[in-house]
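Okay, structure first, notes after.
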Amino acid sequence: MDTSPVRLGLRENLGQFSLLVVVNAFVGAMAGMERSILPAIAEQDFHLAAKAAILSFIVVFGITKAFTNYLAGRLSDRFGRKHVLVAGWLIAIPVPFMLMWAPRWDWIIAANVLLGISQGLTWSTTVIMKIDLVGPKQRGLAMGLNEFAGYVALAGSALATSWLAARFGLRPEPFYLGIAYVTLGLALSVLAVRETGKWVAHEAQVSAVQHSQLSQAEIFRRTSLTDRNLSSVSQAGLVSNLNDGAAWGLSPLVFAAAGMGLEQIGMLAALYPAVWGCAQIFTGSLSDRVGRKNLIVWGMWLQALGIVVVAATVTFAGFAGGAVLLGFGTAMVYPTLLAAIGDVAHPSWRGSAVGVYRLWRDLGYAFGALLAGFLADAFGLPAAVSAVAVVTFASGCVVLARMRETLSPV
């Protein structure tokens, strides 16, 4: 039985925190393995022409991940974080095999349902567990490290699968990587990850914030609508993933239409999450010093600028410049939004609040894919990309007008 004293802080829990960073890298790699090549599989293996049909895998992924995020938060508060994490990895086991051998497009859709459920359970719990361990002082840095691991691994996986596809074909070789990701992620989660419930209880005891017991319905209302900070964060998260979903589905098609080859498409598809992932180490820590609100506002606006650059160019250098701007903007937003949730939500209902936020955030994948697909079919790819930029800029304006600073002075 573990009788070691409970202490909050990143340095105090460095071993377990680092292990969770590694686990989340495997979670991100699972999402990245199909990011650069699945639109090509849709066109070449299954002969899908309509952009809305091609992007259908992102819609089902986003919807299932979003609702699983919500359940993950509730389940982790009720049954413990580790159980939810392990369950997520078990659900991921069939995914790479289905992607390898799918005889019809509906198999790809089914694989993305399972992947969405798995990502919702695993990524949500690694986020919540890191917030549990570090306490209030270093939430931004903790979230930066978490998202750094996930999205750098996502980028590396996207690049690796595109490289394998260019040399060996679209299937099955690129998805062999997924078998390794699942095996290692599950083994670490079962054998090495520790439950963080006692850290939650400790923080709740020492917290100076008074609170009353909240129902799940009240937590949902606060995070979605009535709390101006939590609801501002939720809408910004939704729009940030809306443009990520559009970039995921449309960018490979935009690059291909401009004459880019499969390896160039893979490099561009990996560049955006690589910049996003690496920069989060610095932006997350920066938010602990300068506050959350301004980083979120300017991050949303920088994302919008990056999308405009992608829409306005037809060269590799132009696409790369837009991807870098989009990556930096997302890095300013992503860990800061999670840290803001941790600032506002009490430890006793923080897991559920994170679940509600991630519900709205990952519904953005579905909304982005639907919006981009229908606009691309009706008006063309440039119009679809430009519309996403307008929505992203408007979201930053909402945060500017409605959100208050959530970081308390030390």
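The values are calculated or read from the model by the stated rules, or taken from the named source; none is laboratory data. Here the structure is a predicted model, which is why all the values come from computation and not from measurement. Every residue, glycine as well, gets a Cβ built from its backbone with ideal geometry; the counts of neighbours run over all protein chains shown.
Conditions (1) among the hydroxyl-bearing types (Ser, Thr, Tyr); (2) touching a strand residue (DSSP E or B) at 6+ places or on another chain (Cβ under 6 Å); (3) closer than 15 Å to Leu238 by Cβ, marked per residue:
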| residue | (1), (2), (3) |
| --- | --- |
| Val309 | no, no, no |
| Gly368 | no, no, yes |
| Ala383 | no, no, no |
| Ser395 | yes, no, yes |
| Arg404 | no, no, no |
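Put simply, of Thr126, Thr183, Thr161 the only residue that is at pLDDT 90 or above and within 16 Å of Ala353 (Cα to Cα) is Thr126. When the stretch 146-182 is filtered for residues that are among the aromatic types (Phe, Trp, Tyr) and under 13 Å from Ala25 (Cβ atoms), the ones remaining, listed by number, are Phe148, Tyr151, Tyr181.
Only one of the numbered conditions (1) of a type in the set (D, E, K, R); (2) more than 15 Å from the chain's Cα centre (by Cα); (3) over 20 Å from Leu262 (Cα atoms) is violated by Glu43, and that is (3). Report yes if Ala87 is surrounded by fewer than 23 Cβ atoms within 10 Å (Cβ to Cβ), over 24 Å from Phe46 (Cβ atoms), at pLDDT 90 or above and among the aliphatic types (A, V, I, L, M), otherwise no. Answer is yes for this residue. Restricting the stretch 1-14 to residues that are hydrophobic (A, V, I, L, M, F, W, C) and either crowded, with 24+ Cβ neighbours inside 10 Å or free of Cβ contacts under 8 Å to residues at least 12 places away in the same chain (or both), the residue that is nearest to Pro136 (Cα to Cα) is Leu14. Where helices (runs of 4 or more DSSP H) fall wholly inside the stretch 214-301, the ranges with 1 or more residues that are under 14 Å from Trp360 (Cβ atoms) and not charged (D, E, K, R) are 216-221, 228-257. Scanning the stretch 338-378 for residues that are free of Cβ contacts under 8 Å to residues at least 40 places away in the same chain and farther than 12 Å from Gly249 by Cβ yields a count of 1. Selection over the stretch 247-306 of residues that are of a type outside the set (Asp, Glu) and under 15 Å from Leu407 (Cβ atoms) gives a count of 14. For Val59, the stated conditions hold: it is of a type in the set (A, V, I, L, M, F, W, C), modelled with pLDDT under 85 and surrounded by fewer than 24 Cβ atoms within 10 Å (Cβ to Cβ). When the stretch 65-81 is limited to residues that are under 24 Å from Gly368 (Cα atoms) and out of contact with any Asp or Glu (no Cβ under 9 Å at 6 or more places or on another chain), the one that is surrounded by the fewest Cβ atoms within 10 Å (Cβ to Cβ) turns out to be Leu71. Does the stretch 40-52 contain at least one residue that is crowded, with 19+ Cβ neighbours inside 10 Å and part of a loop (DSSP other than H, G, I, E, B)? No, there is no match, as no residue in the stretch 40-52 is crowded, with 19+ Cβ neighbours inside 10 Å and part of a loop (DSSP other than H, G, I, E, B).
Taking the criterion of being in contact (Cβ under 8 Å) with a residue 24 or more places away in the chain and hydroxyl-bearing (Ser, Thr, Tyr), the residues of the stretch 15-71 that qualify are Ser36, Ser56, Thr64, Thr68, Tyr70. I need the full set of residues from the stretch 254-265 which are at pLDDT 80 or above and either of a type in the set (A, V, I, L, M, F, W, C) or buried (at least 19 other Cβ atoms within 10 Å of the Cβ) (or both), in order please. Residues satisfying the conditions are Val254, Phe255, Ala256, Ala257, Ala258, Met260, Ile265. Against the definition (crowded, with 24+ Cβ neighbours inside 10 Å, touching a Leu at 6+ places or on another chain (Cβ under 6 Å) and either more than 22 Å from Leu145 (Cβ to Cβ) or not basic (Lys, Arg) (or both)), how does Ala323 come out, yes or no? For Ala323, the condition - crowded, with 24+ Cβ neighbours inside 10 Å, touching a Leu at 6+ places or on another chain (Cβ under 6 Å) and either more than 22 Å from Leu145 (Cβ to Cβ) or not basic (Lys, Arg) (or both) - is met. Return the total of residues in the stretch 82-126 being aliphatic (A, V, I, L, M), over 14 Å from Glu34 (Cβ atoms) and out of contact with any Lys or Arg (no Cβ under 8 Å at 6 or more places or on another chain). Of the residues in that region, 8 qualify.
Regarding Leu359, is this residue of a type in the set (A, V, I, L, M), buried (at least 19 other Cβ atoms within 10 Å of the Cβ), at pLDDT 95 or above and assigned to a helix (DSSP H, G or I)? When the stated conditions are applied, Leu359 does not pass them. Exactly one residue out of Thr183, Thr196 is surrounded by fewer than 17 Cβ atoms within 10 Å (Cβ to Cβ) and closer than 18 Å to Val86 by Cβ: that is Thr183.
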